[in-house]
Structures are given as structure tokens and as C-alpha cells.
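Working notes, structure below.
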Amino acid sequence: MFQKILIANRGEIAVRVIRACREMGIQTVAIYSDVDREALHVRYADEAYHCGPPPARESYLVMERVLEIAKRCGADGIHPGYGFLAENGDFADLCEKQGIVFIGPSGEVMRRMGDKVTARRTMQKAGVPIVPGTTKALSDEEAVAFSAEIGLPVMVKASAGGGGKGMRLVREHDELAQALARARSEAEASFGDDSIYVEKFVEEPRHIEIQLLADTHGNTIHLGERECSIQRRHQKVVEEAPGNGISPELRERMGKAAVAAAEAVGYVGAGTCEFLVDKHGDFFFLEMNTRVQVEHAITEAITGIDIVKAMIRAAAGEPLGVAQEDVRISGHAIEARIYAEDPDRNFAPSPGEVVVYRPPDGIGVRVDSGVYQGATVTVHYDPMVAKLIAWGANRDEAIQRTLRALSEFAVKGIKTSISFHQKLMRHPVFVKGCYDTGFIDEHMDGGKGGDSGVEDGAVRRVACMVAAIAAYERDKDRASRASAPSSARGGDRWKTHGRRAALRGGLR
Ligand code: MV4
């Protein structure tokens, strides 16, 4: 087993991994950028080292520096969390070369799944159903010919893509040339690779994914599915487990397909197979995520299995210790991702100091978060401030519990998506559980402000700049009033009794 693990991440997932390590008796090492010196993951870890300036590409993404810190402090494992270096095959290779265990699958497996065309070919060979389409990269001429052959509508997708980048829907023949050009240039700009392939468009699809665990002893099991159809601009907003209307028979078929997918590539650790499920209940492999996912906690809630501990054990070469027959699904869990965004201003970023933070608790409630009262949310990283996970004996109870917990959740100083979740949880279409990936656009007014895809990155960057300036102005303002009594600083119902002293004493 590991002696010491470096967590190459920040925020709630770094905290999540540190918690697993502490329970396993493993020492933990945090890394932090300039703006994360006082972050929660730094406070919870046994040791912490600076890794660079705020931009991730100059800190959390600098492979050589992360490895150099790991070696200097004697870590024998690196947990990448999600995002950052988590699906970077070269980083996994580099770790291996330096004699430090990367907690995840091999670099080769990650590259194989990272390239979508190769992944599709691999899945086809393993007998896993894929969306009808090509299993090789195409020239424009080939793409036009193939689209005519399989029939419109089609999706043009970047081979190097995933998560919606470099993806174009084509409904009419005269849109094809432009879609190909746009998908290629977006793919080139994002991934430095402009190869594309074509798939038949699946109408009103649902996003259902299967959680997998595999060890080095030839055991691969699945932990059932999660429904992740509630997304906004390819960002997940709410997830639930089990999925809606997934019968035990369909669960078993999808689970077996996902296990076959993992076995076909010699997968080790925790992973997820994403599928599209169409109106007829047919399912198609979409992509495989070779990391722990944000929404892993809802699967933990309905199975009682600690996924992060399982992936650490697998990386240490220990057997899973759980057989497929041992996996029992109990009740229903819902995750609401709470972002530092203003739902009343088209989800504009809302960075700043978290002046009040009082998360809900009580029966069936779990909150995983990387912030605390007094912490600052910056524009440099993912805007998710907390995950609220509610478990219930059934879906009704899980929804009511989510609503109850949301009503207790007090966050002030920044705007959050809590109010949006309250509306969503009460929406009759959500309550019925009959929704697909179009839910937010169709029922929550979520598509407003256009959805060009191409401009998304630029629009987001400008919004972040505007938000950063506003946060700076607010801070200046607050600093000038810092000597005023707290009651003068706004209707703060929560006593913050000696914030800094309390944190030092209470949080080691
Ligand atoms: C599709 C599709 C329909 N047909 N592929 C979006 C993200 C990327 N991982 C794949 N995506 C889709 N691929 C075919 N052939 C619809 C989507 C899609 C989607 C998928 C999952 C969750 C939300 C989505 C929102 C819009 C489109």
C-alpha cells in the first residue's frame, strides 16, 4: 500500500482524495498555486507545496514540476483527481518512468480512449454497440459521401474531441461543408488535430453512464448507472442514480457492455463508460472516461462502495475484494452541482469572497466542497463550489431531501446556482423523470443567449474578466469598510466569530 500520495489537484476533489487517504492511513501532499495558499485542500493535507502562478497551465498542469515535488517529498503515488492531468497519457508514462505510481490506468489505455475513432474501433471489436458511423478519420469528400450513405441528420465530431468540443449537428445537405470546416478548425484550435469522423445523429438521447472498477488481478465489475442528461452547454448540472426507467435487464446489458469495454483494453482503476440511450431503449457507446468523475458520489450513496479508496487499492495492486454479485443498489441519489454563477444573469461567473457558508447536513445529505466561510472563489479554475448529494429510499424522497437541503444551504458573497436547482427540482418534467439531454434548453429557458459553440470559450473568457474586475472592486470596497461593525457590512445572519483563529485551531 502507498505510504504517501501527492494529490495533483485542488478544490473538492483534492479534499475528497485526502479524506480517503486519511482513512487508509496514507500521508497526503497537496500542491497549490499562488491563489490557493489558503485553500481547503492545503489545510487538510499533511504537507503542501507551491506549484506556480494562478493559471493552471503554469501550475497544476506543469508535469515536470508536479513530479519534482512528488520526488522531493517522497510520495510513492500521485492521484490526479479529475480535469488537469487526469487523462493525460504522457503524464502517466512520466510518472511510471520516475518510479511513482499514477493512480489510474496506463498511459497507453488513456491514449486509446482519448482518441475517439480508435476508441470506437476498439469497442466495436469488443462487441460493444457504438453509434452507427465511421471508425476512421475522414477527408471532406469521404465525410460528404458517408453522410449521404447513412442519411441525415448526422453529427460531425473531432477524433481528438469529447465532451462536445469540435462537434457539429448537420440536418441539411447544404450545411455539411460549413459544419466540416467549423468542426475541423475548432478541433485544430482545441487539440492541434483536425481529424473528424461522422456519426448518425441520435434524436432526443439520454446520457447514461456506467461506473466501473477494475483491479490488476483480472476482476472488473460495474456499479450500475448514473443518469447525466441534465446538462447546460455540455456541463453537467444534476445527476441521479439509478437512471430513470432503466430496468434491471437493461442495467445488466449496459453493465456487461461496459465491463467488456474495460476488459478489452486491460483497464485498471475506476472508470466510466458513457452511453447514449435512444427513445427505444437502445444504447450506444459514446466515450470512456479514464478518471474518477465529479458525480462518483451518487454511486457511492446507492452502493456503499468508496470509489476513491477502490481506485487507490487497485493502483497498489490489491484485489477489489468485491464481486459483481456483491454489488447491491439501494435507494436513489441525486447530485446538484452548485456553481459560483448567477442564474439570473445567464450563468455569468460570480467570483469573490464566500462571506457566509453554511452547508446543509442531516439525514441522507452529503456535501463535498472545496470552500469554507472566508475563502475566495477566483476566476482561474472550475466554478463549482460544492456538490450536494442527497440519498433517499426512493426517488421521491431523494428529490424532497435535495429540496430540503437546498433550502438550508446558505452561501453569501457570491451568487450561486442554488435557486436554479430549486426550480429544477420542482419542474414537473423532472419530477416525472421523463427527460432527455434537451431538458434545460426546452424546459428551463437554459439556451438563452445563443449556443454557437465556437464562441463559447471567448464569451466565457470575457465574462470571467468582467467578473474579476467586479470582484476586485467589491474587495476594495469591503477593505475600506473592514473596520465597521459586522452588522454594517450587510444582513449577515451568521456569526463568523474569529474566522482565522477558528480555522487554524479547528482545521489543523
Ligand atoms: C451525440 C448526440 C447525438 N447523436 N452523438 C455531446 C457531448 C459529447 N460527449 C457527445 N454529445 C452528443 N453526441 C450523436 N451521434 C448528442 C450529444 C449531446 C449530448 C450528449 C450527452 C449529454 C448531453 C448532450 C447534449 C447535447 C448533445
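Please treat every number below as a calculation from the coordinates, not as lab data. Keep in mind that this is a model prediction, so the values were computed, not measured. Quick reminder, even Gly has a Cβ in these numbers, built from the backbone with ideal geometry, and neighbours come from all protein chains shown.
Give me the number: length gained by fully extending A393 to R253, i.e. 0.36 nm times residue separation minus the C-alpha to C-alpha distance, one decimal in nm. Present the calculation step by step, with values, prior to reporting the outcome.
Values: separation 140, 0.36 × 140 = 50.40 nm, distance 2.46 nm.
Using 0.36 nm per residue and subtracting the Cα-Cα distance, I get 47.9 nm.
Placing one identical point scatterer on every Cα of the range 281-412 and ignoring solvent, what is log10 I(q)/I(0) from the Debye formula at q = 0.12, 0.14, 0.20 Å⁻¹?
Normalising to I(0) and taking log10 leaves -0.62, -0.81, -1.23.
Need one number: % antiparallel among DSSP beta bridges in the chain, to the nearest 5. Don't skip to the answer; put the middle values down first.
Details: 61 of 76 bridges.
Here the antiparallel bridges make up roughly 80 percent for the chain.
Could you tally the net charge around I334, taking each other residue with its Cβ under 9 Å from the Cβ of I334, Lys/Arg +1 and Asp/Glu -1?
Values: positive: R395, R401; negative: E239, E240, E335.
Charge balance near I334 sits at -1.
Largest first and in whole Å, what are the equivalent-ellipsoid semi-axes of the range 80-221 based on the Cα gyration tensor, each being the root of 5 times an eigenvalue?
On the way: eigenvalues 197, 64, 32 Å².
So the three semi-axes of the range 80-221 are 31, 18, 13 Å.
Which residues does a label at T118 reach in the range 193-234, if reach means a backbone N under 17 Å from a point 7 Å past the Cα toward the Cβ?
Counting backbone N atoms under 17 Å from the label point, the list is 193-197.
Whole percent per 5 Å bin, from 0 to the bin with the longest distance: what is P(r) over all C-alpha pairs of the range 168-208?
5, 21, 23, 20, 17, 12, 1
When the helices in the chain are scored as -39500 (n - 2.57) per DSSP H run of 4 or longer and the sum is shared across all residues, what 222 nm value do you end up with, to the nearest 500 deg cm²/dmol? Write down the numbers at each step before the final one.
Numbers: 17 runs with 185 residues, N = 508.
Per the formula, -11000 deg cm²/dmol.
Considering just Cα atoms, how many Å³ per residue does the convex hull of the range 260-334 enclose? Could the numbers behind the result be given before it?
Working: hull volume 9.5 nm³, N = 75.
Spread over its residues, the Cα hull of the range 260-334 gives 126 Å³ apiece.
log10 I(q)/I(0), Debye, Cα-only the chain, no solvent, q = 0.13 Å⁻¹?
The computed values of log10 I(q)/I(0) come out as -1.44.
Return the subset of K136/K256; K97/K309; K200/K279; K387/K432; K165/K200 for which the Cα-Cα distance in this structure is over 20 Å, preserving the input order.
On the way: K136/K256 25 Å; K97/K309 24 Å; K200/K279 15 Å; K387/K432 23 Å; K165/K200 17 Å.
Pairs exceeding 20 Å: K136/K256; K97/K309; K387/K432.
If amide H atoms are built 1.01 Å from N in the plane of the peptide, which residues on other chains or at least 5 residues away come under 5 Å of the amide H of F275?
Close amide H contacts, sequence-distant or interchain: I208, E209, I210, L286.
For Cα pairs less than 8 Å apart in space and 6+ apart in sequence, what is the mean separation divided by the residue count of the range 1-72, i.e. the relative contact order in percent?
Values: 112 pairs, mean separation 19.9, N = 72.
Averaging sequence separation for qualifying contacts and normalising by length gives 28 percent for the range 1-72.
Full-extension gain between E263 and E318, please, as 0.36 nm times their residue separation minus the C-alpha to C-alpha distance.
On the way: separation 55, 0.36 × 55 = 19.80 nm, distance 1.74 nm.
Full extension of this stretch gives 18.1 nm more.
Which ³J(HN,Hα) values in Hz, rounded to whole numbers, follow from the phi angles of the range 36-47 under the Karplus curve 6.51 cos²θ - 1.76 cosθ + 1.60, where θ = phi - 60° and Gly and Pro get x?
Calculated HN-Hα couplings, in order: 10, 3, 10, 5, 4, 5, 5, 5, 7, 6, 6, 9 Hz.
Set the Förster radius R0 to 45 Å, insert the Cβ-Cβ distance between E203 and E47 as r into 1/(1 + (r/R0)^6), and round the FRET efficiency to 0.05. Write out the running numbers ahead of the final one.
Details: r = 52 Å, r/R0 = 1.16.
That pair, E203 with E47, gives E of 0.30.
Label I150 and E38 with points 7 Å out from Cα along Cα→Cβ: what is the distance between them in nm?
Rounded to a tenth, the inter-label distance reads 5.3 nm.
Give me the net charge for the shell around F84: Cβ to Cβ below 15 angstrom, other residues only, Lys and Arg +1, Asp and Glu -1.
Net of charged neighbours comes to -2.
Give me C21, C434 ranked fewest to most by other Cβ atoms within 10 Å of their Cβ, as a rough exposure proxy. Intermediate results must be reported in sequence, preceding the final value.
Details: C21 25, C434 12.
Going from sparsest to densest Cβ surroundings: C434, C21.
Would you mind getting me the FRET efficiency between K125 and R19? Use the beta-carbon distance for r and R0 = 35 Å, nearest 0.05.
Working: r = 39 Å, r/R0 = 1.11.
With R0 = 35 Å, the Cβ-Cβ based efficiency is 0.35.
Be a star and scan the range 44-67 for residues whose amide nitrogen sits under 16 Å from the point 7 Å along the Cα-to-Cβ vector of K97.
Residues 62-67 qualify, since their backbone N sits under 16 Å from the label point.
Go through the range 313-329 residue by residue and turn each phi into a ³J(HN,Hα) via Karplus (6.51, -1.76, 1.60, θ = phi - 60°); whole Hz please, and just put x for glycine and proline.
Result, ordered by residue: 4, 4, 5, 7, x, 7, x, 4, x, 10, 9, 3, 5, 7, 7, 10, 9 Hz.
Starting from the 7 Å offset along Cα-to-Cβ, what nm value, one decimal, do you get for the label separation of L403 and D90?
Spacing of the two 7 Å Cα→Cβ label points: 5.0 nm.
Scattering from the C-alpha atoms of the range 1-86 alone, worked out with Debye: what is log10 I(q)/I(0) at q = 0.12 1/Å?
-0.27
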